[in-house]
Amino acid sequence: MKKITVNTSRVYEVFIGGRLLSHAGELLAAAVPVQKALVVSDDIVYPLYGKKLESSLSAAGFSCRNFVFPNGEAHKRLSVIEEILEYLAKEHFCRSDVVVALGGGVCGDMAGFAAAIFCRGIRYIQVPTTLLAAVDSSVGGKTAVDLSCGKNLCGAFHQPALVLCDTDTLSTLAPQNTADGLAEMLKYGVICDADLFEKVKNYKNEDMEALIARCVEIKRDVVAEDEFDRGTRQLLNLGHTVGHAIEAASGFKITHGQGVAAGMAIVARGAEALGLCTPGTAKQIEDALDACGLPQNCDFDADTLATLTLSDKKADGDFIHLIIPRRIGKCEIVRTKQDDVRRLIARGL
Ligand SMILES: NC(=O)c1ccc[n+]([C@@H]2O[C@H](COP(=O)([O-])OP(=O)(O)OC[C@H]3O[C@@H](n4cnc5c(N)ncnc54)[C@H](O)[C@@H]3O)[C@@H](O)[C@H]2O)c1
Ligand SMILES: [Zn+2]
């Protein structure tokens with residue numbers, strides 16, 4: 001088991017290892033008052049792991065309730081948040097109680113957002129069950145839901161009180177969901193760790209627990225430096241500006257990880273064509289994505305994607321903060337005019 005401490009406005013531990021669900025009760029009791037706990041989960045994850053988690057929490061003295069919603073990005077909406085809030089109120093939750101997010105990034109983002117606004121903020125913990133949530137969304141305190149105009153447009157910064165990543169839960173993931181997580185892991189490699197990039201590419205022969213921990217360490221360092229996303233944290237958006245546009249253009253049929261994968265490849269090819277990055281970088285990224293079963297392009301045109309990037313949160317008037325890979329292991333934030341974004345995407349496609 002690995003333990004990583006995150007130093008933000010709230011200091012918390014991330015535990016990564018096998019059989020952690022069975023120890024969730026004692027670990028949670030050490031982090032928050034033992035009172036009521038609402039397990040928020042989706043209709044695929046709860047039947048798999050809900051009871052195991054709840055029995056561990058109950059054994060440690062927590063009084064458990066659960067709220068289960070239909071799985072998928074389409075349900076990351078304010079309407080579901082309202083239902084969670086009403087349920088918390090009906091069950092007389094108060095500020096000393098806790099919300100437990102059991103699931104992937106959708107569940108974590110929603111449970112976290114509900115916790116951020118219920119009674120002006122109650123504690124929550126993350127129990128990520130997808131690789132993507134383990135390496136990315138469960139750490140760092142970004143919580144949100146989607147609006148019709150774009151992804152994650154309504155949200156709050158709210159750090160969890162604890163993150164418990166039971167790596168055993170990853171064994172039931174569909175191959176495509178595993179690939180989604182690998183996309184974010186490759187992203188960390190491209191941003192700042194060429195060695196990690198190589199290891200993720202060969203993930204089948206690597207120790208997954210160690211790779212997850214390395215990704216969490218990178219995220220921890222970035223978040224500790226820029227918790228509220230005013231500067232260096234934007235580096236983590238490599239592939240995301242274009243990726244979010246791809247997700248939106250597909251009506252969210254293309255998953256977040258696949259969008260990010262294609263977005264990284266498009267930006268790398270575009271940057272290379274415009275002489276902004278070391279020749280050969282785009283090919284290295286394409287090969288790694290291929291090895292991880294991830295897409296390297298999409299069927300949408302540059303105008304569609306460029307228009308959609310304007311509703312991304314990274315937009316700043318007519319400028320967009322694009323993350324440009326210079327080489328594997330080194331990226332920079334470049335304030336780019338909307339027209340130039342379109343040109344770069346066109347070359348990258
Ligand atoms: N807050 C952040 O910092 C942050 C960072 C990255 C991504 N995100 C968000 O995360 C979301 C994507 O997360 P995701 O890819 O985990 O999606 P997800 O939560 O929708 O999970 C993907 C699918 O896997 C299923 N699933 C989850 N765990 C499982 C398990 N152990 N076994 C079998 N099936 C399982 C889910 O039911 C779902 O159908 C997006 O909404 C994205 O915006 C947030
Ligand atoms: Zn992401």
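Each of 290, 195, 166 was scored by other Cβ atoms within 10 Å of its Cβ. Arranged with the fewest first, they read 195, 290, 166.
Annotation: the antiparallel percentage among DSSP beta bridges lying fully within segment 2-172 is about 30. Once you have a ≥ b ≥ c as the square roots of the Cα gyration tensor eigenvalues for segment 2-172, tell me rounded if a/c is under 1.5, and otherwise prolate or oblate according to whether a/b is larger than b/c. Note, shape of segment 2-172 comes out rounded.
Grab segment 2-172 and count how many Lys pairs have their alpha-carbon atoms under 19 Å apart, sequence gap of 8 or more, or different chains. So the count works out to 6.
The HN-Hα couplings worked out from phi for segment 334-348 by the Karplus form 6.51 cos²θ - 1.76 cosθ + 1.60 (θ = phi - 60°) are 10, 6, 10, 5, 3, 4, 6, 4, 4, 5, 5, 5, 4, 5, x Hz, whole numbers, x standing for Gly and Pro. Amide H contacts of residue 141 (H built 1.01 Å from N, in plane; Pro and chain starts excluded): no residue 5 or more places away or on another chain comes under 5 Å.
Applying the Karplus relation 6.51 cos²θ - 1.76 cosθ + 1.60 with θ = phi - 60° to segment 6-21 yields 3J(HN,Hα) values of 9, 9, 10, 4, 10, 9, 8, 9, 10, 9, 10, x, x, 6, 6, 4 Hz, where x marks Gly and Pro. Once both labels are positioned 7 Å from their Cα atoms along Cα-to-Cβ, the gap between residue 252 and residue 291 label points is 3.3 nm. Pull out a ≥ b ≥ c, the square roots of the eigenvalues of the alpha-carbon gyration tensor of the chain, then state rounded if a/c is under 1.5, prolate if not and a/b is larger than b/c, and oblate in the remaining case. Judged from the Cα gyration tensor, the chain comes out prolate (a/c at least 1.5, a/b above b/c).
The string of couplings for segment 199-213 from the Karplus curve (6.51, -1.76, 1.60, θ = phi - 60°) is 5, 5, 4, 9, 4, 5, 9, 10, 7, 4, 4, 5, 5, 4, 4 Hz, one whole number per residue in order, with x for Gly and Pro. Taking every Cα-Cα distance in segment 187-249 and sorting them into 5 Å bins from zero, the calculated P(r) comes out as 4, 17, 22, 21, 18, 14, 5, 0 percent.
Restricting attention to the chain, close to 45% of DSSP beta bridges with both partner residues there are antiparallel. Near residue 161, the amide H atoms lying under 5 Å from its own belong to 124, 125, 126; only residues 5 or more places off or on other chains count, and H is placed 1.01 Å from N. Close amide H pairs (under 5 Å, H built 1.01 Å from N) link residue 147 with 152, 153, 154, residues at least 5 positions away or on another chain.
Here each label is just a point 7 Å from Cα along the line to Cβ, and for residue 176 and residue 149 those points are 3.0 nm apart. Once R0 is set to 41 Å, what does the formula 1/(1 + (r/R0)^6) return for the Cβ-Cβ distance between residue 198 and residue 23, expressed as a FRET efficiency to the nearest 0.05? The formula returns an efficiency of 0.80 here. Between residue 330 and residue 301, the simple spin-label model (points 7 angstrom out along Cα→Cβ) gives 3.8 nm.
Using all pairs of distinct alpha-carbon atoms, the Kirkwood hydrodynamic radius of segment 22-91 works out to 12.9 angstrom. The angle between the Cα long axis of helix 281-291 and the main principal axis of the chain comes to about 50°, on a 0 to 90 degree scale.
Here, each number is a calculation from the coordinates, and none is a lab measurement. Worth saying up front: this structure is predicted, and the values here are computed from it rather than measured. We place every Cβ from the backbone using ideal geometry, glycine too, and count neighbours over all the protein chains shown.
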